[in-house]
Amino acid sequence: MLEITNLHATVADKPILNGVSLHVPAGEVHAIMGPNGSGKSTLAYVLAGRPGYAVSEGSATFDGRDLLALEPHERAAAGLFLGFQYPVEIPGVSYLQFLRESLNSQRRSRGEAELSGAEFIKLAREQAKLLGMDAEMLKRPVNVGFSGGEKKRAEMVQMGIMQPKFAVLDETDSGLDIDALRIVGEGINRIMRAPDKGVLLITHYERLLEYVRPDCVHVLQAGRITRSGDIDLARELERSGYAEAAA
Amino acid sequence: MTAPFPTRKQEEWRYADLEALQPVWEQFAEPLTLIVGPGESFEEVWLPANDDVQVRRIQLALGTRAKARIFALNTAPVYGRLELEVSLAEGADFELFGANIGTGLSTNEIVTTVKHVGVGGRSRQVIRSVLNGKATGSYLGKVEVARGAQQTDAEQSIKAMLLDRGATANAKPELEIFADDVKCAHGATVGELDPMQLFYAESRGLDPASARALLLEGFVMGLWDSAKDGDAIAEAARGALRRVSSSPERGGGPAKLVEGASCQA
């Protein structure tokens, strides 16, 4: 489903990714762990197409399509979703308007019918409720005045509304308390655990993985994958740290 | 007799397009006077017309505890000027919510003089400009607080968004205060669309033009929130924003010209 081969990327001419190769088949959840500055967020941004993140070598395909040749909005329409580590505030634009226009834009480019205002509000309310978020918050400007945890929860509500084929979740667990962590973990399973979907879950901590249960855990260090294993690798990292694991 | 034609040496005409004004000067030379009586309320929405040159020159006198609220959209294709001279008697309340939205070579400006004459007056001016191409958008706003006009509360909030290297925003708040117990705040910023907001919106599926239009809508549309009947001006502003954001010149350079400081007085 997602095939990354020997990916090199630079940010402001500084090499950050130095040959990442990774294959996430449909139906699987892969976790990426790694120390600060190892390139985890850069990988997420490169996959989503953030301007300024330049690929110097290698490839990334999504369902056989050259992902790197697509504009960010085309990647979204193709079914890719990025859960942001730091969700962005947009004053003056309500969450409902933002998500309805985004979703309908995706649907238009896929040749699907747009959702009416009423249909969309029903969908948004359902997804907010499933993630324990007050639907009234969706009337507020995008992420403005939201706490760190509320922003992360709202990212998951967005994912539930968009129903992507593949999600790259960049530290969705940071800033969440224990209850919210469980709700978000269950949300990821509910929305993304399906034979035709896939997830790349970037995290610092093993705790979220106890809820989401990845099929594979990779360690990213200095811009390349240094180890891969099952959830036991995550548990080992939690105990001994990255320095030991690299040895 | 017609008033003399202005020159650019006059501060309040400094950024004006006088060449465009010349042929139509006679019809605008005399400002229109409006009087709002004691305790009365006045609310008006000023929509743009279809003319290349659009000028409104108004003198507004607010009686004791009178209220006036004006919503104005300035989006002339060549030259637009909204000129307001307001005087506030005791306890009067004045609000102006205005937008300059320009593209091409247009010049749009809002020029105000707000005179606090009586005690306890309140004035609030909120101006947003969105400029593309080689357009110029200006706000020149003078607040005068007369001797004895204590407990005056005056506020000016001016923000401009430049979508193109060639666009120019001028912001010039000015204070003249002859009383010692007053609150006069003014803030001015000139900026560009935030690349991270654009990326966030695009990552959710909006194409670049739609993402820009949505962010600009957020920047401007809050102006009309308190209007009793804001539908027409909201629709006109949306149309104007679509026109300026559909000529995409992404990136853009730094603000070309910034006048007036971002500050609290």
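Things worth noting here:
- Förster-model FRET efficiency, 41 Å R0, residue A:182 and residue A:57, C-beta, rounded to 0.05: 0.55
- In the calculated pair-distance distribution of chain A, the portion above 22 angstrom amounts to 53 percent of the Cα-Cα pairs.
- Over chain B: Kirkwood hydrodynamic radius from C-alpha pairwise inverse distances, Å: 18.9
- When only alpha carbons are used to place a centre, the range A:25-97 and the range A:109-182 end up 17 Å from one another.
- Percent of beta bridges antiparallel (DSSP, the protein assembly as shown, rounded to nearest 5): 20
- Estimated inter-spin distance, residue B:242 and residue B:8, nm [label 7 Å along Cα→Cβ]: 3.6
- Our summary gives the range B:11-192 a relative contact order of 16 percent, counting only alpha carbon pairs under 8 angstrom and 6 or more residues apart.
- For B:215, A:68, order by how many other beta-carbon atoms lie within 10 Å, fewest first: A:68, B:215
- Computed with the Debye formula from one identical point scatterer per Cα of the range A:1-147, without solvent, the log10 of I(q)/I(0) at q = 0.09, 0.20 Å⁻¹ comes to -0.36, -1.28.
- Global geometry of the range B:9-124, whether rounded, prolate or oblate, following the gyration tensor of its Cα atoms and the 1.5 cut on a/c: prolate
- Put in line by how crowded their Cβ is, counting other Cβ atoms within 10 Å and starting with the fewest, A:210, B:85 read A:210, B:85.
- For the protein assembly as shown, the Kirkwood hydrodynamic radius comes to 25.6 Å, computed from all pairs of different C-alpha atoms.
- For the range B:11-192, share of DSSP beta bridges that run antiparallel, in % to the nearest 5: 0
- Under Karplus coefficients 6.51, -1.76 and 1.60, residue-wise ³J(HN,Hα) of the range B:72-78 in Hz, glycine/proline x: 9, 10, 10, 8, 5, x, 10
- If the chain linking residue B:157 and residue B:25 were pulled fully straight, counting 0.36 nm for each residue of separation and taking away their Cα-Cα distance, it would gain 44.5 nm.
- Estimated purely from DSSP H runs of n ≥ 4, each contributing -39500 (n - 2.57), the mean residue ellipticity at 222 nm for chain A is -12000 deg cm²/dmol once divided by its residues.
- The label point for residue A:190 and the one for residue A:119, both projected 7 Å from the Cα toward the Cβ, are 2.2 nm apart.
- Only helices enter the 222 nm calculation for chain B: every DSSP H run of n ≥ 4 contributes -39,500 (n - 2.57), and dividing by all residues gives -5000 deg cm²/dmol, rounded to 500.
- Per-residue Cβ neighbour rank within 10 angstrom, fewest leading, B:158, B:70: B:70, B:158
- Rounded to the nearest 10 degrees, the inclination of helix A:231-246 to the longest alpha-carbon principal axis of chain A is 50 degrees.
- In chain B, the longest principal axis of the Cα atoms and the axis of helix B:208-220 are about 10 degrees apart.
- Relative to the longest principal axis of the Cα atoms of chain A, helix A:95-109 runs at roughly 80 degrees.
Here, each number is a calculation from the coordinates, and none is a lab measurement. Since the structure is predicted, the reported quantities are computational estimates derived from the model, not experimental observations. Cβ atoms come from the backbone with ideal geometry, glycine included; neighbour counts cover every protein chain shown.
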